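*Asks:* Submitted below is the structure of interest, expressed as structure tokens.
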Amino acid sequence: MNPDTRPPGITGIVLGTTGSQVAVAMAIAIFPVIAPQLATRLDVDASLVGYQMSLLFGSAMAVSPTVGTAVLRWGACRTMQLALGMCVMGMCLALVGNLYFIALSSVLVGASAALVAAGAAHLLFRFTAPQRLNLLFSIKQTGVPLGWATIALLAPSITLGMGWRWSLVAVILYGIGMVIVLQRMRPLWDDDRDPAARMQGQILMGVRLLWRYPAMRHLAFASFFFSFVQLCLGTFTVTLLVKEAGYSLIEAGFMFALVQIAGMSGRLMLGWIADVTGRSIRILGVTDLVVAACCIITAFINSAWPPALLALHYIVFGAMVYGWNGVLHAQIARLSPKGMVSTATGGIMVWIFAGTLVGPALFAAGYRYIGSYTASFGALAVAALAGWILLRAARSADRQPGNVTA
């Protein structure tokens, strides 16, 4: 058989999509992880990282409606390569060390997050057997906490030992490496691309598509609150531990790495359970209730907490707050009309990125009013419970799969 025509292996697709997610996640995570040290160097308040993350995900939300057509026109692999290139460019701009350049960097990295998610979803749904969909989507989504965990473990030591810019250089080198790796896969993965696909008239297709199907619509609304809470945990945990629990940057980075490692485990566990039980939306609901409880518990964290107890808390919090993503993406793919997975993924990413746009900025504003990171986390329980209510509505709508809103 000609090597250019053999069917793609699912293992290579999972590794390629996960590796790409890792690169983008590292670029997103770098500033929240080094925020206390970088804020000192730039003479700004560390809570400003919340606005930086909102800008980043605001860019992702703005780009999301177009990613479905981008995948159709250029191919999923090329779209992921473009995303990685934008990450590399963003990190290069941030090396300047100016707030305006960091803002521009955030815009590029945010756009890359939307592109890589759509490309990966297209490939996985195209080549994955239906009975393995939740698990393989969850494996791919472990790239996000894996990227954050890598940065949490490495960036504090690199920043304190060599300077914060070298942390960005590490992200740049990994991103370039992934672009090169993906190039070998492109002939196999992008054989369904349609260069004639047009952007005009397609900008809001994904959002409109979700709105027509009640189950997908409620899942989209719920994803807003999921991502709201998730990114607040990712953005402010290190700063909370340094400012209010007496941890050093390296110690806080290690504790935050536990959150991300637990997040990877949570995604795999929930994906497997969803496939075995066939009750994906119910499982998401239980997860959301645990997240709400963890938000309330976080409000009581202080310097007197034993490290082992704090670690246990963050392991549970991380597993639950990150566990939803793969299962939810798989459900959107399952409910999508034939041939519309990348378009529906673009639509759901609008809502996910809307949550990440609003969440950190609102948290930062709340912190300035409340004056406590821990108390601000306690208030996040309201967002988690709102997501649970919407999941109940989605579950009800899913029992009527033919129900389409005109």
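The values are calculated or read from the model by the stated rules, or taken from the named source; none is laboratory data. All values reported here derive from a predicted model rather than from experimental measurement. Reconstructed Cβ throughout: ideal geometry from the backbone, glycine too, with neighbour counts over all protein chains shown. Remember, those area values only see protein heavy atoms, side chains included, never the ligands or the DNA or RNA. Shrake-Rupley method; radii C 1.70, N 1.55, O 1.52, S 1.80 Å.
*Asks:* I'd like to check something: does the stretch 290-305 contain any residue that is of a type in the set (Phe, Trp, Tyr), within 30 Å of Ala155 (Cα to Cα) and open to solvent by less than 20 Å² (accessible area, probe 1.4 Å)?
*Replies:* Within the stretch 290-305, none of the residues are of a type in the set (Phe, Trp, Tyr), within 30 Å of Ala155 (Cα to Cα) and open to solvent by less than 20 Å² (accessible area, probe 1.4 Å).
*Asks:* Still on this structure: Being at pLDDT below 85, polar (S, T, N, Q) and farther than 20 Å from Val229 by Cα, is that true of even one residue in the stretch 388-402?
*Replies:* Yes, that holds for at least one residue.
*Asks:* Name the residues in the stretch 39-68 that are open to solvent by 30 Å² or more (accessible area, probe 1.4 Å) and assigned to a helix (DSSP H, G or I), would you?
*Replies:* Answer for the stretch 39-68, where residues must be open to solvent by 30 Å² or more (accessible area, probe 1.4 Å) and assigned to a helix (DSSP H, G or I): Thr40, Arg41, Leu42, Leu48, Tyr51, Leu55, Met61, Ala62, Val63, Thr66.
Table: residues versus (1) aromatic (Phe, Trp, Tyr); (2) open to solvent by 30 Å² or more (accessible area, probe 1.4 Å); (3) touching a Phe, Trp or Tyr at 6+ places or on another chain (Cβ under 9 Å).
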residue	(1), (2), (3)
Val350	no, no, no
Val358	no, yes, yes
Ser372	no, no, no
Ser376	no, no, yes
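*Asks:* Would you mind finding the one in Ala121, Ala155 that is under 16 Å from Ala35 (Cβ atoms) and open to solvent by less than 20 Å² (accessible area, probe 1.4 Å)?
*Replies:* Just one listed residue meets the conditions, Ala155.
*Asks:* May I pose another question? Just name the residue that is farthest from the chain's Cα centre (by Cα) out of those in the stretch 237-264 that are polar (S, T, N, Q) and under 17 Å from Gly147 (Cα atoms).
*Replies:* The extreme case among them is Thr237.
*Asks:* Checking the condition part of a helix (DSSP H, G or I), modelled with pLDDT under 85, open to solvent by 10 Å² or more (accessible area, probe 1.4 Å) and farther than 28 Å from Leu72 by Cβ, which residue from Leu258, Leu188, Leu268 passes?
*Replies:* Every option except Leu268 fails the conditions.
*Asks:* Give me the helices (runs of 4 or more DSSP H) completely within the stretch 307-406, filtered to those with at least 2 residues that are in contact with a His (Cβ under 7 Å, 6 or more places away or on another chain) and either closer than 25 Å to Gln21 by Cβ or of a type in the set (Gly, Ala, Ser) (or both), ordered by residue number.
*Replies:* 341-370, 381-398
*Asks:* Any residue that is assigned to a helix (DSSP H, G or I), touching a Cys at 6+ places or on another chain (Cβ under 9 Å) and free of Cβ contacts under 8 Å to residues at least 60 places away in the same chain - is there at least one of those in the stretch 69-90?
*Replies:* Kept after step one, since they are assigned to a helix (DSSP H, G or I), are these residues of the stretch 69-90: 69-74, 76-90.
Still in the running and touching a Cys at 6+ places or on another chain (Cβ under 9 Å): none.
For the stretch 69-90, residues assigned to a helix (DSSP H, G or I), touching a Cys at 6+ places or on another chain (Cβ under 9 Å) and free of Cβ contacts under 8 Å to residues at least 60 places away in the same chain: absent.
*Asks:* In the stretch 237-249, how many residues are in a helix (DSSP H, G or I) and surrounded by 16 or more Cβ atoms within 10 Å (Cβ to Cβ)? Spell out how you get there, then give the answer.
*Replies:* Initially, the stretch 237-249 is screened for residues in a helix (DSSP H, G or I), giving 237-244, 249.
Adding the requirement that they be surrounded by 16 or more Cβ atoms within 10 Å (Cβ to Cβ) leaves 237-243, 249.
Residues flagged as in a helix (DSSP H, G or I) and surrounded by 16 or more Cβ atoms within 10 Å (Cβ to Cβ) within the stretch 237-249 amount to 8.
*Asks:* Taking the condition open to solvent by 20 Å² or more (accessible area, probe 1.4 Å) and either modelled with pLDDT under 90 or part of a helix (DSSP H, G or I) (or both), does Met216 pass? Give the derivation first.
*Replies:* Details: open to solvent by 20 Å² or more (accessible area, probe 1.4 Å): no; either modelled with pLDDT under 90 or part of a helix (DSSP H, G or I) (or both): yes.
In short, no.
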